[in-house]
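A.B. asks: Take a look at this one; I'll ask things after.
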Amino acid sequence: MTEAASRARLLAELGRLDQAEAELRLALLDRPGDPGLLTLLAAVLRLAGRPDEALAAADAAIVAEPGAAGGHAERAETLIVLTRTGEAVAAATEAVRSCPGEPEAHRVLARAHAAARDFRRARAAARQALAVDPRSVPSLLTLADVERVAGRRRAAARATRAALAEDPASPGGRWLAALLDAERLHVADAMRGLRELAADQPARLGGEALAWPILGVLAGLRHGLAAGVPLVLGVRLAAVRWPLAALLAQGVALVVAVVMVAFTARVLLPAGRLPWRCLRFLPRRAVIGGGVAAGLSVALLVAYAMSAMWLPLVAAGVATVALVVSGRRF
């Protein structure tokens, strides 16, 4: 690795992507066809949220050195971001073919298969990376992430614990452990892990990640009310032929409202004040609008359950539609 590439890699690890890109482009003026520099530039552009430019840089790296695994692997990573999963699997497979003894190539292939929802092959690729180096923290975390996405949280937790046993300070391992805690609604543990990670690695963890309980609650309310309100409406309409359905609809409305309130409290109370302090990192209008719509929908469901009047139920439907629309902004 050249001195310029080393500096750029360090800058990228520190989150200073603009400086890393500038360093690489300057180095490429002297060595325009250097496949290592082009591959690293592709990675920096991908991390900076510019996947189309990253793909062009990865393609240039492959043209410069078709037999190198790095260019194919980075091309696969960028195609995953672009959700072109079939092409990503093909590119990652080529990386493995070019360098079968390189664990990173197998890890990229695992991520590509996971993105394509082929978890059996993703798991096999991750285990192949571990066969090369059974104590590799990146390979253990790749397996953990594959298992998490596949919905096998216990297996994901085992692999994460194994990675943290090798490197307790691993940012990736600590992030994954917090994510698993969040998914299991161990909110206090998740927030503690994220808070400690943010203190140690401020460049790696933004305020948006610390505000996840707010986004999680809004997502849960959005899905719950989008299913619950139409259910209440459907049961109420059944009262045209089955009069007892009107009373059942009131009961269903009350249950939906209570479940939504309980879920909100289950997440936000253990989270404490930190997520609210990080609210400024979120699209505030969309978040506040979604919160108001969700609260109004729940209140209207309670009003319908108490009164059996059509107006609160219809208004709850309108508020739920507003909640779903607001969710598209974040």
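A.B. asks: Using Stokes-Einstein with the Kirkwood hydrodynamic radius over Cα pairs, what translational diffusion coefficient do you get for the stretch 79-191 at 20 °C and a viscosity of 1.002 mPa s, in µm²/s rounded to a whole number?
C.D. replies: This corresponds to a translational diffusion coefficient of 152 µm²/s.
A.B. asks: Still on this structure, I have one more. Whole number please: convex hull volume per residue, Cα atoms of the stretch 278-329, in Å³.
C.D. replies: Working: hull volume 2.8 nm³, N = 52.
Normalising the Cα hull of the stretch 278-329 by residue number yields 54 Å³.
A.B. asks: Sort 99-112, 157-170 for me by packing, meaning the mean count of neighbouring Cβ atoms within 10 Å per residue, highest on top. Numbers along the way, then the final one.
C.D. replies: Details: 99-112: 22.0, 157-170: 17.2.
The most tightly packed comes first, giving 99-112, 157-170.
A.B. asks: Same structure, new question: Rounded to the nearest 10 degrees, what's the angle between the helix 69-81 long axis and the longest principal axis of the chain, both from Cα atoms, 0 to 90?
C.D. replies: It is inclined by approximately 20 degrees.
A.B. asks: Write down the Å³ per residue value for the convex hull defined by the alpha carbon atoms of the stretch 187-278. Walk me through the numbers before you get to the answer.
C.D. replies: Values: hull volume 7.1 nm³, N = 92.
Taking only Cα atoms, the stretch 187-278 has a hull volume of 77 Å³ per residue.
A.B. asks: Measure off, as a whole percent, the carbon and sulfur share of the 1.4 Å-probe accessible area of the chain, all protein chains present. Don't jump to the answer; show the numbers that get you there.
C.D. replies: Values: 10160 of 16640 Å².
About 61 percent, which is the carbon plus sulfur part of the accessible surface.
A.B. asks: Across every pair of different alpha-carbon atoms, what Kirkwood hydrodynamic radius in Å does the stretch 156-195 reach? Display every interim value, and only then the final one.
C.D. replies: Numbers: mean 1/r = 0.1016 Å⁻¹.
9.8 Å is the Kirkwood radius here.
A.B. asks: Can you tell me the 0 to 90 degree angle between the C-alpha axis of helix 187-200 and the longest principal axis of the chain, rounded to 10?
C.D. replies: 30
A.B. asks: Here's a follow-up. Find how many whole Å separate the alpha carbon centroid of the stretch 10-68 from the alpha carbon centroid of the stretch 132-153.
C.D. replies: Here the two parts' Cα centres lie 27 Å apart.
A.B. asks: Another question, if that's okay. Which order do the peptides 115-122, 146-153 take when ranked by the mean count of other beta-carbon atoms within 10 Å per residue, highest first? If you can, show how the numbers build up before the last one.
C.D. replies: Details: 115-122: 16.2, 146-153: 17.8.
In descending order of packing, they fall as 146-153, 115-122.
A.B. asks: So what's the angle, to the nearest 10 degrees on a 0 to 90 scale, between helix 119-132 and the longest Cα principal axis of the chain?
C.D. replies: Value to nearest ten degrees: 40.
A.B. asks: State in Å² the accessible area per residue of the chain; use a 1.4 Å probe, count heavy atoms of protein chains only, and round to the nearest integer.
C.D. replies: Values: 16640 Å² over 330 residues.
Normalised by residue count, the accessible surface of the chain is 50 Å².
A.B. asks: Top mean-square fluctuation among 268, 233, 301, Gaussian network model of the chain, C-alpha springs under 10 Å?
C.D. replies: So, out of 268, 233, 301, the one fluctuating most is 233.
A.B. asks: Where in the stretch 181-196 is the amide nitrogen less than 20 Å from a point lying 7 Å along the Cα-to-Cβ axis of residue 165?
C.D. replies: The answer is 181, whose backbone nitrogens lie closer than 20 Å to the label point.
A.B. asks: If you take the C-alpha gyration tensor of the stretch 1-120, multiply each eigenvalue by 5 and take the square root, what semi-axes do you get, largest first, in whole Å?
C.D. replies: Gyration-tensor ellipsoid for the stretch 1-120: 24, 15, 12 Å.
The values are calculated or read from the model by the stated rules, or taken from the named source; none is laboratory data. Keep in mind it's a predicted model, so treat the numbers as computed, not measured. We place every Cβ from the backbone using ideal geometry, glycine too, and count neighbours over all the protein chains shown. To get the accessible areas, we keep the full protein, side chains included, count just its heavy atoms, and leave off ligands, DNA and RNA. Shrake-Rupley method; radii C 1.70, N 1.55, O 1.52, S 1.80 Å.
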